[in-house]
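*Asks:* Okay, handing you the structure first.
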Amino acid sequence: MIKKFNAGDADIIVYQIPTSTKGIIPCGYSTDQGKLSWAVRDDNTELADSIKNWYKPEIAANVKREERELFSIQSIHRHVYAPMLNTQAGIISNYDHLFKRYAPIARWDWRLLAAQCYQESCFDPKAYSWAGAKGLMQIMPETAKHLGLAESDVYEPEPNIYAAVRYINELNTRFMDIRNPEERKFFILASYNGGFFHIRDAMALAKKNGKNPHKWVHVAEYVLKLSTPEYYNDPVVKYGYMRGSETANYVSAIYSRWQKYRGVRNASSLAPTDDVPTIYEPHKASKKHRFKLKNVKDN
C-alpha cells in the first residue's frame, strides 16, 4: 500500500497504518490510542482536512454495533424447537417423513439431513437470517433461483427440503475427487455453509503445506486459517477471506448431532474414520491420523 501511495496510484489509505510513517498525514479512523490511522499523502492537506471534518468517532462505533448484530445469533430469526421430538419413539422432528423421502437424492442418511436442518433453522420453517437465507434449510435467494425454488415456496417445508437435497447432490458431484464418500460429506457440509470456492481454497492451502487435501481434518485447519491475512492472501487462494471458525464448528456440530440421532454413544468423541476427529481443531487432532455454483451461505 505504501509503495502504491508513494507512486501516486492512490490518494488515501483506508487502513490502519502507523502514524509515524514518513510522507503521510494521519486522518480519519484511528486505533491503538492514535498510533494507527488512515492516511493521505503529506502534500494533500486539503483532502486531509476534508476527512478530518467528515469523520466522527461515532461512525466507527455504529459500524461495530452493526457488525455485532449481523454476525451474532440475534441476527437469525427462528423459533427454537427441541433437537429430538420423541427419543423413545425415535422421532426427531415433524419433518422426518420429508427427510426420509428426499435424503436418497443426496445419497445421505436421512438423520444426517435432519441434523443439518436443526443446525440451520432449529426445525423452524419460517426461520430467516440477516443474509437472506430462508426456511428449514436456510436457502439463499440466488441458490433458490438456481434450483428453481419459487419465492412463494421458500418457507414451505417440502419444497425447501427438496431444493436443499438437490443442492447437496450438486455439491457431491463437485467433490468426486474425494473418493471416500464418508469423508466427502464433511466437504459438502462445509461448502453448504461457507461456500464451495472457499473450501477449494482451503484444500489448495492444505496441499501446498504438505497435508492431504482430501482429508477434512487436514483441510479444516486451513478453513480456520482463511480468516487471517497470511493465508487468505496466499497466491493459491482465489476467493479471499472467510469466517472459517463458523464453518468448522458447523460441520462439527452437525456430525456430533447426527451420531446422537443414530444412537451412537459418546457421539462427541467419535468420527466416521479413525483419522477424522469430531472437533476440528489442529492442536486437538489425533496423532493417528459455494458453471459457478450459487452458494447457500457464501462469505
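*Asks:* What FRET efficiency comes out for the pair VAL264/ARG107, r = Cβ-Cβ distance, R0 = 25 Å, nearest 0.05?
*Replies:* 0.80
*Asks:* Would you please give the residues with an amide H less than 5 Å from that of THR19, counting only those at least 5 places away or on a separate chain, with H modeled from the backbone geometry?
*Replies:* For THR19, whose amide H was placed from the backbone, the distant partners under 5 Å are LEU36, SER37.
*Asks:* Dipole size in debye (nearest 20) for the range 75-171 around its Cα centre, Lys and Arg Cβ +1, Asp and Glu Cβ -1?
*Replies:* In total the dipole reaches around 160 debye.
*Asks:* For LEU47 and MET176, compute 0.36 nm times the residue count separating them, minus their Cα-Cα distance, and round to one decimal in nm.
*Replies:* 41.1 nm
*Asks:* What is the percent of Cα-Cα separations in the range 79-284 that go past 30 Å?
*Replies:* Here the long-distance tail beyond 30 Å is 20 percent of all Cα pairs in the range 79-284.
*Asks:* Count neighbours as other Cβ atoms within 10 Å of each site's Cβ, and list the GluC sites (Glu not before Pro) in the range 167-241 that are DSSP loop with at most 12 such neighbours.
*Replies:* Here no loop site has a sparse enough neighbourhood.
*Asks:* Cα-Cα over 27 Å: which of LYS3/LYS207; LYS100/LYS207; LYS100/LYS211; LYS22/LYS56; LYS100/LYS145; LYS185/LYS211?
*Replies:* LYS3/LYS207; LYS100/LYS207; LYS100/LYS211
*Asks:* Another one. Along the Cα→Cβ direction, 7 angstrom out, place labels at LYS35 and ASP96. What is the inter-label distance in nm?
*Replies:* In this crude label model, LYS35 to ASP96 measures out at 5.9 nm.
*Asks:* Could you list which residues have their amide H under 5 Å from that of ILE24, counting only those 5 or more apart in sequence or on another chain, with H placed in the peptide plane?
*Replies:* Those lying under 5 Å, H to H, from ILE24 are ASP42.
Every number here is computed from the coordinates shown, using simple stated rules; none is lab data. The structure presented is a predicted model; accordingly, all values stated were derived computationally and were not measured. FYI the Cβ positions are ideal-geometry reconstructions off the backbone, even for glycines, and counts take in every protein chain you see.
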